[in-house]
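Undergrad: What follows is a structure written as structure tokens; I'll ask about it next.
The values are calculated or read from the model by the stated rules, or taken from the named source; none is laboratory data. Quantities reported herein were computed from a predicted structural model and do not represent experimental measurements. Reconstructed Cβ throughout: ideal geometry from the backbone, glycine too, with neighbour counts over all protein chains shown. Remember, those area values only see protein heavy atoms, side chains included, never the ligands or the DNA or RNA. Shrake-Rupley method; radii C 1.70, N 1.55, O 1.52, S 1.80 Å.
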Amino acid sequence: MITQRQPPAGTIPPPRVFTATEAADFRTVLGHFCSGIVIVTAVIGAEPVGMTCQSFSSASLDPPLIMFLPARTSTSYPRIRSNGRFCVNVLDNSQESISQQFAMSGTDKWRGIGWTPGENGAPILHGALAWMECSLHREYEAGDHVIILGLVERLGAADAGEPLLYFRGAYGQFSARR
């Protein structure tokens, strides 16, 4: 017989149970998953466009695919999509203000932002921790978001720095165990 060791009574609070059908509860629970922050960029004509995104992940090594999930209400993503080529910029922990700037609608997102065009023309943000130049591979509707798969064609990373993180509705930073 297997016995399970229980901690002494009163040392660990019981977990709070939520309802998945309530959007606020769903968001609260998912906020317990720490994620990095990326800025997805492209150029339309001569104008750079970009958006903050926290729903980002690798998807495949062969072929090299990444994915991000913009909201269907995004006004920036349709512009990025129209180009078919984009860059995903992983933000350094010193770039919180850039994340906030690109998350706002109806403002000049590019005011004071340094960037260099990648080989595909999409902006690579100065100071980004890492970046991936991609072409649009596939899209899938997913409720109130869209799953975007990007085929990575070129990428790079800084030699130093730490990621900007998001957890429970707030920015934070990584602290390595030594």
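Undergrad: Provide the per residue accessible area, probe 1.4 Å, for segment 107-178, rounded to a whole number of square angstrom. If you can, show how the numbers build up before the last one.
TA: On the way: 4510 Å² over 72 residues.
Normalised by residue count, the accessible surface of segment 107-178 is 63 Å².
Undergrad: May I pose another question? Just the number please: accessible area per residue for segment 38-98, 1.4 Å probe, all protein chains included, in Å².
TA: Working: 2790 Å² over 61 residues.
That works out to 46 Å² per residue.
Undergrad: For the chain, set up a GNM with springs between Cα atoms under 10 Å and report which of Phe167, Phe102, Phe86 has the largest fluctuation.
TA: Phe167
Undergrad: If you work out volume of the Cα convex hull per residue in Å³ from the coordinates, which of (i) 214; (ii) 133; (iii) 200 do you get?
TA: (iii)
Undergrad: Please name which of Phe174, Ser74, Leu125 has its Cα lying farthest along the dipole of the chain towards the positive end, using unit charges on Cβ (Lys, Arg +1; Asp, Glu -1) and the Cα centre as origin.
TA: The residue sitting farthest along the positive end of the dipole is Phe174.
Undergrad: So, in Å, what gap is there between the alpha-carbon centers of segment 132-178 and segment 32-107?
TA: So the two Cα centres are separated by 8 Å.
Undergrad: With springs only between Cα atoms under 10 Å apart, run a GNM on the chain and tell me which of Cys53, Cys34, Cys134 wobbles the most.
TA: So, out of Cys53, Cys34, Cys134, the one fluctuating most is Cys34.
Undergrad: To continue, here is another question. Just Ala42, Ala130, Ala157 to compare: in a GNM of the chain, with alpha carbon springs under 10 Å, which one fluctuates most?
TA: Sorting by GNM fluctuation, first place goes to Ala157.
Undergrad: Still on this structure: Tell me the carbon and sulfur percent of the accessible area for segment 29-122, rounded to whole percent, probe radius 1.4 Å.
TA: On the way: 2600 of 4770 Å².
Carbon plus sulfur share of accessible area: 55 percent.
Undergrad: In addition: Counting only protein chains, not ligands or nucleic acids, how are His126, His137 ordered by accessible area (probe 1.4 Å), most first? Please list the in-between numbers first.
TA: Details: His126 105, His137 70 Å².
Of His126, His137, the descending order of accessible area is His126, His137.
Undergrad: What is the gain in length, in nm to one decimal, between Arg177 and Ala46 on full extension, counting 0.36 nm per residue of separation less the C-alpha to C-alpha distance? List each step's numbers first, then the result.
TA: Details: separation 131, 0.36 × 131 = 47.16 nm, distance 4.42 nm.
Stretched fully, the Arg177-Ala46 segment lengthens by 42.7 nm.
Undergrad: Related question: Among Gly112, Leu155, His137, pick out the residue whose Cα is farthest towards the positive end of the charge dipole of segment 110-178, where Lys and Arg carry +1 and Asp and Glu carry -1 on C-beta, about the Cα centre.
TA: The residue sitting most towards the positive pole is Gly112.
Undergrad: Add +1 for every Lys or Arg and -1 for every Asp or Glu among the other residues with Cβ under 14 Å from the Cβ of Ser74, and state the total. Before the final figure, lay out the partial values.
TA: On the way: positive: Arg72, Arg79, Arg81, Lys109; negative: Glu139, Glu141, Asp144.
Residues near Ser74 contribute +1 overall.
Undergrad: Give me the number: length gained by fully extending Phe167 to Phe26, i.e. 0.36 nm times residue separation minus the C-alpha to C-alpha distance, one decimal in nm. Provide the component values of the computation, followed by the final result.
TA: Details: separation 141, 0.36 × 141 = 50.76 nm, distance 1.43 nm.
Fully extending the segment from Phe167 to Phe26 adds 49.3 nm.
Undergrad: Work out the length of the dipole vector of the chain about its Cα centre, built from +1 on the beta-carbon of each Lys and Arg and -1 on the beta-carbon of each Asp and Glu, and round it to the nearest 20 debye. Don't skip to the answer; put the middle values down first.
TA: Working: 14 positive and 15 negative charges, 86 e Å.
Dipole size: approximately 420 debye.
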